[in-house]
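Asks: Could you have a look at this structure, given as structure tokens, before my questions?
The values are calculated or read from the model by the stated rules, or taken from the named source; none is laboratory data. Keep in mind that this is a model prediction, so the values were computed, not measured. Please note: Cβ atoms are built from the backbone with ideal geometry, for glycine as well, and neighbour counts cover all protein chains shown. Side chains included, ligands, DNA and RNA excluded: accessible areas come from the protein's heavy atoms. Shrake-Rupley method; radii C 1.70, N 1.55, O 1.52, S 1.80 Å.
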Amino acid sequence: MNDNRTRLKVIHCALKRLCHTQPGGHAGRRQFTLAMLISGIVSSKEVQLLAIVSKLPSKNQAESHIKRFKWWITHEKVDCSSYYLSYVCLLYTSPSPRD
């Protein structure tokens, strides 16, 4: 497994562990999209969609990923309080691995 694939898998597993219930269907796909965005931003150290997509494991679907990310950014049901804030709160309140 290359580094980008490993990073994506670790981030996605970490997001799953933070949730008490495993989301399915649309919520599961949205969680994976969030994991892809985080992985791409961490890997590319940029927030431009093309740079993010270039660091994802499957480069053959670049246009599809860009459309997916644009939908994520602009969709009215994906807002800070429903997706980002819940993970931030869980990360903030969870003990660090070194404790």
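Asks: Can you tell me which of K55, K9, K59 is at pLDDT below 85 and basic (K, R)?
Replies: Step by step, each of K55, K9, K59 is checked, and only K59 is at pLDDT below 85 and basic (K, R).
Asks: Go through L18, L91 for me and flag whichever is loosely packed, with under 13 Cβ neighbours inside 10 Å, at pLDDT below 90, over 12 Å from the mean Cα position of the chain (by Cα) and not hydroxyl-bearing (S, T, Y). Give the derivation first.
Replies: Numbers: L18 fails: loosely packed, with under 13 Cβ neighbours inside 10 Å.
Of L18, L91, the one residue that is loosely packed, with under 13 Cβ neighbours inside 10 Å, at pLDDT below 90, over 12 Å from the mean Cα position of the chain (by Cα) and not hydroxyl-bearing (S, T, Y) is L91.
Asks: Within region 14-42, which residues are under 22 Å from T74 (Cα atoms), without any contact (Cβ under 8 Å) to a residue 12 or more places away in the chain and either part of a helix (DSSP H, G or I) or of a type in the set (S, T, Y) (or both)?
Replies: Scanning region 14-42 gives G25, H26, A27, G28, R29, I41.
Asks: Out of (1) surrounded by 13 or more Cβ atoms within 10 Å (Cβ to Cβ); (2) part of a loop (DSSP other than H, G, I, E, B), the odd one out for I11 is which?
Replies: With respect to (1) surrounded by 13 or more Cβ atoms within 10 Å (Cβ to Cβ); (2) part of a loop (DSSP other than H, G, I, E, B), I11 is out only on (2).
Asks: Quick one: which of L49, L34 is modelled with pLDDT of 90 or more and within 20 Å of S64 (Cβ to Cβ)? Spell out the reasoning first.
Replies: On the way: L34 fails: modelled with pLDDT of 90 or more.
Answer to the selection: L49.
Asks: Looking only at region 70-81, decide whether some residue is open to solvent by less than 40 Å² (accessible area, probe 1.4 Å) and modelled with pLDDT of 80 or more. Write out each step before concluding.
Replies: Just the residues of region 70-81 that are open to solvent by less than 40 Å² (accessible area, probe 1.4 Å), to begin with: 72, 78.
Right, trim to modelled with pLDDT of 80 or more and you get 72.
Yes, the conditions are met somewhere in region 70-81.
Asks: I'm trying to understand the selection: among the residues of region 43-60, which are aliphatic (A, V, I, L, M) and either surrounded by 14 or more Cβ atoms within 10 Å (Cβ to Cβ) or outside any helix (DSSP H, G or I) (or both)?
Replies: Scanning region 43-60 gives V47, L49, A51, I52, V53, L56.
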